[in-house]
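Take a look at the structure below.
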Amino acid sequence: MSQTIQEVLNRASVFLEEHGREPKVAEILLLHHTNFSKTDLLLNLREPIDEATLNAFLKDIETHATTGKPVQHLTGTEQFYGRNFTVNEHVLIPRPETEELVQLILAKTKDQPRPLKVLDIGTGSGAIAITLKSEDPTLTVEASDISTQALAIAKQNATNLNADVKFHQSDFLQKWLGTGEKFNLIVSNPPYIAWEERETLSDTVKNFDPELALFADNQGLKAYETIINQAKSVLAPSGCLAFEIGHQQAESVTQLIKSAFPTSSVEVIKDINQKDRIIF
Ligand code: GLN
């Protein structure tokens, strides 16, 4: 007799737990393979599961349990600020901490005069740029990444989500140096983990998120140094820099900003875990 959905779910959860993984992943993968909504799933718990669906599901459970391959790479998607973003191995999986950065930017820019030009550096999946434009269509939003493979995903997300964002291939702000073009707000969630910390990361992160998106030289500060220096000629007068930062980087990044922009005021904001996470 074939197994019920409930039985399959229970067994997969136990299997994941035995491998030190989140048991909740079983439900996410089952929803993905059955195309059920959460309600459908509840209503069908006592129903049998068809063999093709079961096999595809079990294969993903096995892969996740044994290799740590992120569930987002298995489903090809992650939610960010209530929207579904396509992701793959070429882009950082967007994180909840970054949603706070977006929310703060929206609050800060709400009452500023338009046109207000925003540039997202290292856009990856496009999560920041696309969300800003979708939440506030009065913003003019552009975004860059050095990776053409990441840009392909970002453009696909912008099309899927109907967001009018202009994308550029550029090494940080290189493309704008010497052009005279200015932006009112430059935002980035750059790579900020020190190479020395690589081994402290989970296999799900270190073996699957792109290195380009995670790691930076100089104790993880190199990307901030570059962006802040280049911003001297690309940021509009009384413009704003907004960064996500590592929880121990507030002081160093403040110093970098203060030395490039001596008259600026710097604000550090904590994330929901009470860790320094955002700097304006
Ligand atoms: N901007 C993207 C994000 O915040 C990618 C960031 C990165 O790759 N470091 O999700």
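Scanning segment 59-90 for residues that are assigned to a loop (DSSP other than H, G, I, E, B) and either at pLDDT below 95 or within 14 Å of the ligand (Cβ to nearest atom) (or both) turns up P70, Y81, V87, N88, E89, H90. Does segment 229-247 contain any residue that is assigned to a helix (DSSP H, G or I), more than 16 Å from the ligand (Cβ to nearest atom), among the aliphatic types (A, V, I, L, M) and more than 14 Å from G122 (Cβ to Cβ)? Taking every residue of segment 229-247 in turn, none turns out to be assigned to a helix (DSSP H, G or I), more than 16 Å from the ligand (Cβ to nearest atom), among the aliphatic types (A, V, I, L, M) and more than 14 Å from G122 (Cβ to Cβ). In the list T148, T140, T75, T109, which residue meets the criterion of being over 11 Å from the mean Cα position of the chain (by Cα) and not assigned by TED's automatic domain parsing to the domain that holds Y224? Being over 11 Å from the mean Cα position of the chain (by Cα) and not assigned by TED's automatic domain parsing to the domain that holds Y224 holds for just one of T148, T140, T75, T109, which is T75.
Condition check ((1) aliphatic (A, V, I, L, M); (2) touching a Gly at 6+ places or on another chain (Cβ under 8 Å); (3) not assigned by TED's automatic domain parsing to the domain that holds K175) across all residues:
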position: T34; (1), (2), (3): no, no, yes
position: L41; (1), (2), (3): yes, no, yes
position: T63; (1), (2), (3): no, no, yes
position: I105; (1), (2), (3): yes, no, no
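Kindly establish whether I227 is in contact with a helix residue (DSSP H, G or I) (Cβ under 8 Å, 6 or more places away or on another chain) and in the same structural domain as A127 (by TED's automatic domain parsing). No, not satisfied. Listed by first and then second residue, the pairs linking a residue in segment 122-137 that is not assigned by TED's automatic domain parsing to the domain that holds P96 to a residue that is within 10 Å of the ligand (Cβ to nearest atom), with Cβ atoms under 7 Å apart and 6 or more places separating them unless they lie on different chains, form an empty list. Across segment 109-156, the qualifying residues are those that are of a type in the set (K, R) and surrounded by fewer than 24 Cβ atoms within 10 Å (Cβ to Cβ), and the one among them that is nearest to the ligand (Cβ to nearest atom) is K155.
Which is surrounded by fewer than 20 Cβ atoms within 10 Å (Cβ to Cβ) and β-branched (V, I, T), of I269, I279, I245, I227? Show your work before the answer.
Working: I279 fails: surrounded by fewer than 20 Cβ atoms within 10 Å (Cβ to Cβ); I245 fails: surrounded by fewer than 20 Cβ atoms within 10 Å (Cβ to Cβ); I227 fails: surrounded by fewer than 20 Cβ atoms within 10 Å (Cβ to Cβ).
On inspection, the qualifying residue turns out to be I269.
Scanning segment 175-205 for residues that are within 16 Å of the ligand (Cβ to nearest atom) and among the small types (G, A, S) yields S188, A194. Name the one entry in F208, F167 that is within 15 Å of the chain's Cα centre (by Cα) and more than 23 Å from I278 (Cβ to Cβ). It is F208.
Against the conditions (1) within 13 Å of the ligand (Cβ to nearest atom); (2) surrounded by fewer than 22 Cβ atoms within 10 Å (Cβ to Cβ); (3) closer than 18 Å to Q255 by Cα, D217 satisfies every one except (1). Taking (1) touching a strand residue (DSSP E or B) at 6+ places or on another chain (Cβ under 8 Å); (2) farther than 20 Å from E78 by Cβ in turn, I193 satisfies each apart from (2).
The values are calculated or read from the model by the stated rules, or taken from the named source; none is laboratory data. Keep in mind it's a predicted model, so treat the numbers as computed, not measured. Because the Cβ atoms are built from the backbone with ideal geometry, glycine has one as well, and the counts that use them run over all protein chains shown.
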